[in-house]
Amino acid sequence: MTGGPDAQSERRPVIACSALTKTYDLGVEKVRALRGVTFSIARGEFVAIMGASGSGKSTLANLLGALDTPTSGELMIDGQSVAGLSSDALARLRNHDIGFVFQQFNLLPRMTALENVMLPLLYAPRGRKNGAVDARARLEEVGLGRRMDHRPAQLSGGQQQRVAIARALINDPRIVIADEPTGALDTKTSQDIMELFLKLHAEGLTIILITHEPDIAAYAGRLLRFSDGELVEDLTRRPQNQGRERARS
Ligand SMILES: Nc1ncnc2c1ncn2[C@@H]1O[C@H](COP(=O)(O)OP(=O)(O)OP(=O)(O)O)[C@@H](O)[C@H]1O
Ligand SMILES: [Mg+2]
């Protein structure tokens, strides 16, 4: 989505982790949430992450999004070792290169859809001149052009998730990490949200999507399965649910 990367940056993995571990130290007990995970993700991939509850999926998502730091191992994002980044560079990574979408939408209840989408702009170094214009365009893009002044409580779950996706996109990230984005939605609404992710993927976004549902994972071209903090399956396959969007347009 960000323009003009050179040929070398096109080829290099957008995410590469090597022997990545995360241990939560609870004093009395240590929880080994990730036990040495190695894989990489190429630019423009659409990857689903599955695994039983407690297998380390959200822990991994937090590391990949630089929201948390690994206990050991190496994580490279866009060819840069995250461990070597200054706090400014980390903040830039979180705010500009990566967009997050969560199961519970995480919208601010007193703000309108438009204001929620504009929130990340507050953290932009020099603010942004056309913030409202950009936020409106993002809301149009996710199909909410006519709901911009509604507050979250005045929107359906699917609409709230669309607002959250528009917010994740406002700074033109290269990667979107979605942690069970359809977990709180019914089947039909989930499919609509997945069609939206497919569209964003077709536009070049790298998408990492955590889900418990095989039907949802089937939208992705690659499946990573975790068990007990370990990567136990890495499957590339032909996405099963693609084509509806294309058939319509
Ligand atoms: N902040 C934390 N402090 C201590 N332990 C944690 C913390 N976050 C997660 N854990 C533990 O780490 C392990 C992995 O948790 P994680 O949230 O990554 O699992 P998950 O695969 O996302 O599960 P779910 O499908 O239920 O969301 C679990 O045993 C969990 O209890
Ligand atoms: Mg989780």
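Among strands (runs of 3 or more DSSP E) lying entirely in the range 33-136, which contain 2 or more residues that are more than 22 Å from R11 (Cα to Cα) and more than 16 Å from the chain's Cα centre (by Cα)? If you could, list the steps in order and put the result at the bottom.
Numbers: elements: 46-51, 72-77, 98-102.
Answer list for the range 33-136: 72-77.
Charged (D, E, K, R) and within 16 Å of ligand 1 (Cβ to nearest atom): which single residue out of D68, D78 fits that description?
Details: D78 fails: within 16 Å of ligand 1 (Cβ to nearest atom).
Sole residue among the options that is charged (D, E, K, R) and within 16 Å of ligand 1 (Cβ to nearest atom): D68.
Just the residues that are assigned to a strand (DSSP E or B) and within 16 Å of ligand 1 (Cβ to nearest atom), please, taken from the range 170-191.
Of everything in the range 170-191, those that are assigned to a strand (DSSP E or B) and within 16 Å of ligand 1 (Cβ to nearest atom) turn out to be I177, A178, D179.
In the list L198, L155, L185, L169, which residue meets the criterion of being in contact (Cβ under 8 Å) with a residue 12 or more places away in the chain, more than 19 Å from G99 (Cβ to Cβ) and buried (at least 16 other Cβ atoms within 10 Å of the Cβ)? Even if it seems obvious, please write down each step before you answer.
Values: L198 fails: more than 19 Å from G99 (Cβ to Cβ); L185 fails: more than 19 Å from G99 (Cβ to Cβ); L169 fails: more than 19 Å from G99 (Cβ to Cβ).
None of the other options fit; the residue is L155.
Conditions tested, residue by residue: (1) away from ligand 2 (no atom under 16 Å from the Cβ); (2) out of contact with any strand residue (DSSP E or B) (no Cβ under 6 Å at 6 or more places or on another chain).
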position: G143; (1), (2): yes, yes
position: L155; (1), (2): yes, yes
position: D179; (1), (2): no, no
position: L198; (1), (2): yes, yes
position: D234; (1), (2): yes, no
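Being within 14 Å of ligand 1 (Cβ to nearest atom), assigned to a helix (DSSP H, G or I), of a type in the set (A, V, I, L, M, F, W, C) and closer than 22 Å to D234 by Cα narrows it down to one of I208, I216, so name that one.
Testing whether each residue is within 14 Å of ligand 1 (Cβ to nearest atom), assigned to a helix (DSSP H, G or I), of a type in the set (A, V, I, L, M, F, W, C) and closer than 22 Å to D234 by Cα leaves just I216.
If you go through the range 13-39, how many residues are under 27 Å from L205 (Cβ atoms) and among the aromatic types (F, W, Y)?
Qualifying residue count, the range 13-39: 1.
Return yes or no: is D228 in contact with a Ser or Thr (Cβ under 8 Å, 6 or more places away or on another chain), surrounded by 14 or more Cβ atoms within 10 Å (Cβ to Cβ) and modelled with pLDDT under 95? Show your work before the answer.
Values: in contact with a Ser or Thr (Cβ under 8 Å, 6 or more places away or on another chain): yes; surrounded by 14 or more Cβ atoms within 10 Å (Cβ to Cβ): yes; modelled with pLDDT under 95: no.
No, not satisfied.
The values are calculated or read from the model by the stated rules, or taken from the named source; none is laboratory data. The shown structure was predicted, so the numbers you read here are calculated from the model rather than taken from an experiment. Cβ sites come from the backbone with ideal geometry, for glycine too, and all protein chains shown count toward neighbours.
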